[in-house]
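Structure first, commentary second.
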Amino acid sequence: MRGKIIVLLLFCMYASHGITAQEFDIAVLGGHVIDPKNDIDEPMDVAIKDGKIALVSKKINEKRAKRTVDAKGLYVVPGLVDMHAHGFFGVEDGHYLRNSFYAVSPDGFTFRNGVTTMVDAGSSGWKSFKTFKEQTIDRSHTRVLAFLNIVGEGMKGGAWEQDTYDMDAKLSALMAKTYPDLIVGFKVAHFRGDGEDYFVPIDRAIKAGNMAGNIPVMLDGKLEDDVLRRFRPGDIFTHTYGRPIIDTVTNKVKPFVREARQRGLIFDVGYGGASFMYANAIPGTKDGFFPDVISTDLHGGSMNAAMKDIMSIMSKFMALGMGLEDIITAVTWKPAKTIKRPQLGNLSVGSEGDVAIFNIRDGKFGFYDQQGEKMSGTKKFECEVTIKGGRVFYDLNGLTSPLPRVISGVPRM
């Protein structure tokens, strides 16, 4: 009884001094929330507790949170999901995107652009995935997931990627089932076979996808009707605007491309070094064919070229007439659904505490492609703050209070 009285007295004392319990780890206050999954597009506050979204509300008292982010005048969205990138950075010269200098170290390119989840698109295969996991995935603060290359060695380049003897559906599926939390699907890329031989890696990747629990396959390959018809609903065609999607007679999107979308094929940007052309994107978007997913195809040849980063691509599609909510959907909820990770890409209570905060700058901006075409725009996305799992990993203008400190390269809350 005496103990209860003491607790009651302490409660009254704290209440009389206006002190309230800090129930949230961080609260994002005063921003305009866009959360396509939950159909939210209005001013809201967002709170995170224990690495998960805890509350989305019209008004959250700042005293309820240990740390706050001032998002007034800014947009607040789920952490971005870059569904096509290459992060198998390593030291093997001449091995293209597998454990090589040409891939990138994830953390250096993600948080500063609002990306909290990077999906590596086939850099590793079943033979090299464990190295990728130990060397990159386990050492990154970015959430790194992977499409496993149907080639066992992975995206090693040249003749390695033409070796059909190294395309094993059973062993690929086994690796995916061993690491279901990390491997989200399979990738087919760069195969130069002719006739029926061209379908060998495609058929094996689809077989692996079925064996591993109906997970998706991403194709970097020919844009032809008989190729697209091979795929299942939910599979992905990447480098969409780097391929001949336009009928040169009608200047419209080819009918079989639209039919493939109607059957459930997902069309991904996968911008890359030279896999986006205004010659396709301008007539395609004028014809209403916008991407399902916006992704970078980030690697050493694209990061400083026309692509730059995911915010730059989002700005290009805004200039092409894509609506703001559709752009946010294409970098959050749509890729999360495509890779079957419903805990990502949204701000539902209980989902991962990943948040991207950005502004849209007004001005005169130039956007170009690697073929030398240029268009201008008046809007440009710029990331202000990135939160992953309830931790601030990037803050451009010191909007976090108290400010995060960095110790040994790791932001400390």
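The values are calculated or read from the model by the stated rules, or taken from the named source; none is laboratory data. The structure displayed is predicted, hence computed values, not measured ones. Note: ideal-geometry Cβ built from the backbone for every residue, glycine included; neighbour counts use all protein chains shown. When the accessible area is computed, the model is the full protein with side chains, heavy atoms only, and any ligands, DNA or RNA have been set aside. Shrake-Rupley method; radii C 1.70, N 1.55, O 1.52, S 1.80 Å.
One table, with the values for the structure above:
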quantity: Tally, over region 199-220, of residues that are of a type in the set (Gly, Ala, Ser) and either buried (at least 23 other Cβ atoms within 10 Å of the Cβ) or at pLDDT below 95 (or both); calculated: 3
quantity: From the options Phe289, Phe256, residue that is crowded, with 21+ Cβ neighbours inside 10 Å, among the hydrophobic types (A, V, I, L, M, F, W, C) and either closer than 20 Å to Lys337 by Cα or in contact (Cβ under 8 Å) with a residue 12 or more places away in the chain (or both); calculated: Phe289
quantity: Hey, Met322 in contact (Cβ under 8 Å) with a residue 12 or more places away in the chain, within 17 Å of Gly114 (Cα to Cα), open to solvent by 10 Å² or more (accessible area, probe 1.4 Å) and assigned to a loop (DSSP other than H, G, I, E, B) or not; calculated: no
quantity: Residue identified as open to solvent by less than 10 Å² (accessible area, probe 1.4 Å), under 29 Å from Ser100 (Cβ atoms) and touching a Ser or Thr at 6+ places or on another chain (Cβ under 6 Å) among Gly242, Gly272; calculated: Gly272
quantity: Close pairs (6 angstrom Cβ cut-off, 6 or more residues apart or separate chains): more than 12 Å from Gly31 (Cβ to Cβ) in region 50-63, of a type in the set (S, T, N, Q) anywhere; calculated: Ile53/Ser351; Glu62/Thr68; Lys63/Thr20
quantity: Region 135-173 - residue that is part of a strand (DSSP E or B) and not β-branched (Val, Ile, Thr) and, of those, most open to solvent (accessible area, probe 1.4 Å); calculated: Arg143
quantity: Residue check, Pro233 open to solvent by 20 Å² or more (accessible area, probe 1.4 Å) and either touching a residue at least 24 places away in the same chain (Cβ under 8 Å) or not in a helix (DSSP H, G or I) (or both); calculated: yes
quantity: Strands (runs of 3 or more DSSP E) completely within region 33-129 that count 1 or more residues being open to solvent by less than 60 Å² (accessible area, probe 1.4 Å) and among the basic types (Lys, Arg); calculated: 65-70
quantity: Those residues of region 174-185 which are among the aliphatic types (A, V, I, L, M) and either surrounded by fewer than 21 Cβ atoms within 10 Å (Cβ to Cβ) or within 14 Å of Lys130 (Cα to Cα) (or both), in sequence order; calculated: Leu174, Met175, Ala176, Leu182, Ile183
quantity: Hits in region 292-307 (condition: of a type in the set (Ser, Thr, Tyr) and either touching a Lys or Arg at 6+ places or on another chain (Cβ under 9 Å) or open to solvent by 10 Å² or more (accessible area, probe 1.4 Å) (or both)); calculated: Thr296, Ser302
